[in-house]
Amino acid sequence: MMNNKEKHVLGISGGKDSAALAVFMRDNYPELDIEYFFTDTGKELPEVYEYLSRLEGYLGKPVLRINPNRDFDFWLMHHNNYLPSPRARWCTIKMKLKPFEDWVKPFLADGYSVYSYVAIRSDEEFREGYQSNDENLRIKLPFAENGIDKQAVINILEHSGLGMPEYYKWRSRSGCTFCFFQRKIEWVHLMKEHPEAFEEAKAYEKKATEHGSPFTWSERESLDELSRPERVAQIKSDYEKRLERAKSKRIANPLRTHEEIDLDELYGKSKVCLACHK
Ligand code: SF4
């Protein structure tokens, strides 16, 4: 017997790729009743909420906020006040993946096939972690299947009128204000753009190190050290040098007018969290 119980879901991270995917799906598959959702850690940039509202306007429907039942402070305490890190990513598990699983579980239990649309682009490798253990939770990669690369994503957002999220002017990815995947130059930018969020991150770090946390937010130095004027100057100067080098190497391509040199190009690809950084 055919199973007509289908649910289509698309996670918005606050980043450009998932926003562009939402636009792409609305414009190309209007027959699908897609439910858009955002798992809110409560530690997001204000620009993310502003962008979500604009996206809702374009989509003509709300983006469901899925809030974890416990906040960051609870989970931090639960982990002995040890900060999350690339080696201990409890934040993603507890505050992004688990709330999503809890949300779809009742549908799966009720016999639904859940199609989850994920914004892996055609110029990215498909990474593990997006395969589901439940055969009725099916992962779809429309960008990879349709040859949509980074420039095409930017084009989709520009043509829709949404443009890029504001924070891309100073930061390369979405995610929590204090995400440990940030480069040092992004911490410097956070300090300038959102000094109160930087101070909050510093306070979490101080408490964590007092409790013996082996991790600081940024590798091998505390935010206190990173924010000293001489260190800030060093980080900025290193960034400028990398930028100059990258610009001089770049072969001009008139078709890719809007492509900017991003931090991956300057510092090499770093690990990202697909639940947060898409
Ligand atoms: S954005 Fe970073 S800090 Fe936030 S949940 Fe994702 S990995 Fe953790």
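Only one of (1) crowded, with 21+ Cβ neighbours inside 10 Å; (2) within 20 Å of Ala197 (Cβ to Cβ) is not met by Asn67, so which one is it?
Result: Asn67 passes all but (1).
Considering only residues that are surrounded by 19 or more Cβ atoms within 10 Å (Cβ to Cβ), more than 16 Å from the ligand (Cβ to nearest atom) and in a loop (DSSP other than H, G, I, E, B), look in the range 114-127 and name the one that is farthest from the chain's Cα centre (by Cα).
Looking at the filtered set, the residue picked out is Arg121.
Given the structure, is Glu47 in a helix (DSSP H, G or I) and either out of contact with any Ser or Thr (no Cβ under 6 Å at 6 or more places or on another chain) or away from the ligand (no atom under 15 Å from the Cβ) (or both)?
In short, yes.
What pairs come up if the first residue lies in the range 161-181 and is within 25 Å of Thr216 (Cα to Cα), the second is of a type in the set (Val, Ile, Thr), and their beta carbons are under 8 Å apart, counting only those six or more places apart or on different chains?
Taking only residues 6 or more apart or on different chains, the pairs are Tyr167/Val48; Arg173/Val272; Ser174/Val48; Cys176/Thr41; Phe181/Val272.
Any residue in the range 260-273 that is among the charged types (D, E, K, R) sitting within a Cβ distance under 9 Å of a residue that is modelled with pLDDT of 70 or more and loosely packed, with under 14 Cβ neighbours inside 10 Å? List the pairs, counting only those 6 or more apart or interchain.
Glu265/Ala246; Glu265/Arg250; Lys271/Pro86
Listed residues Glu219, Glu200, Glu186; which is acidic (Asp, Glu), within 16 Å of the ligand (Cβ to nearest atom) and surrounded by 20 or more Cβ atoms within 10 Å (Cβ to Cβ)?
Result: Glu186 is the single residue among Glu219, Glu200, Glu186 that is acidic (Asp, Glu), within 16 Å of the ligand (Cβ to nearest atom) and surrounded by 20 or more Cβ atoms within 10 Å (Cβ to Cβ).
May I ask you to list pairs of residues, at least six apart or on different chains, whose Cβ atoms are under 8 Å apart, with the first in the range 77-96 being closer than 12 Å to Trp217 by Cβ and the second being modelled with pLDDT of 95 or more and charged (D, E, K, R)?
Leu83/Glu205
Go through the residues of the range 58-79 one by one and say whether even a single one is in a helix (DSSP H, G or I) and either closer than 24 Å to Lys150 by Cβ or under 16 Å from the mean Cα position of the chain (by Cα) (or both). Let's see the steps before the verdict.
Filtering the range 58-79 for residues in a helix (DSSP H, G or I) gives 58-59, 72-78.
Keeping just the survivors that are either closer than 24 Å to Lys150 by Cβ or under 16 Å from the mean Cα position of the chain (by Cα) (or both) gives 58-59.
Within the range 58-79, one or more residues are in a helix (DSSP H, G or I) and either closer than 24 Å to Lys150 by Cβ or under 16 Å from the mean Cα position of the chain (by Cα) (or both).
Just for the range 224-278: of the residues that are β-branched (Val, Ile, Thr), closer than 24 Å to Cys179 by Cβ and modelled with pLDDT under 90, which one is nearest to the ligand (Cβ to nearest atom)?
Filtering the range 224-278 down to residues β-branched (Val, Ile, Thr) leaves 232, 235, 251, 257, 261, 272.
Keeping just the survivors that are closer than 24 Å to Cys179 by Cβ gives 232, 235, 261, 272.
If we keep only those that are modelled with pLDDT under 90 as well, we get 261, 272.
Working: Ile261: 23, Val272: 8 Å.
Restricting to residues being β-branched (Val, Ile, Thr), closer than 24 Å to Cys179 by Cβ and modelled with pLDDT under 90, the top hit is Val272.
Could you check, for the range 83-90, whether at least one of its residues is in a helix (DSSP H, G or I) and within 16 Å of the ligand (Cβ to nearest atom)?
So far as the range 83-90 goes, yes, one or more of its residues are in a helix (DSSP H, G or I) and within 16 Å of the ligand (Cβ to nearest atom).
Return the residues of the range 1-44 that are within 16 Å of the ligand (Cβ to nearest atom), more than 17 Å from Ile120 (Cβ to Cβ) and of a type in the set (S, T, N, Q); say none if nothing qualifies.
Passing the criteria: Thr39, Thr41.
If you scan the range 166-179, which residues turn out to be surrounded by fewer than 22 Cβ atoms within 10 Å (Cβ to Cβ) and either near the ligand (Cβ under 9 Å from one of its atoms) or among the β-branched types (Val, Ile, Thr) (or both)?
Thr177, the sole residue that qualifies.
Of all residues in the range 1-37, which are of a type in the set (Asp, Glu) and outside any helix (DSSP H, G or I)?
In the first step, residues of the range 1-37 are kept if they are of a type in the set (Asp, Glu); the result is 6, 17, 27, 31, 33, 35.
Selection gives Glu6, Glu31, Asp33, Glu35.
Select from the range 94-113 the residues that are part of a helix (DSSP H, G or I), more than 9 Å from the ligand (Cβ to nearest atom) and either surrounded by fewer than 17 Cβ atoms within 10 Å (Cβ to Cβ) or within 22 Å of the chain's Cα centre (by Cα) (or both) and list them in ascending order.
Leu97, Lys98, Pro99, Phe100, Glu101, Asp102, Trp103, Val104, Lys105, Pro106, Ala109
The values are calculated or read from the model by the stated rules, or taken from the named source; none is laboratory data. From a predicted model like this one, the values you see are computed outputs, not experimental measurements. Heads up, the Cβs are rebuilt from the backbone with ideal geometry, glycines too, and the neighbour counts pull from every protein chain shown.
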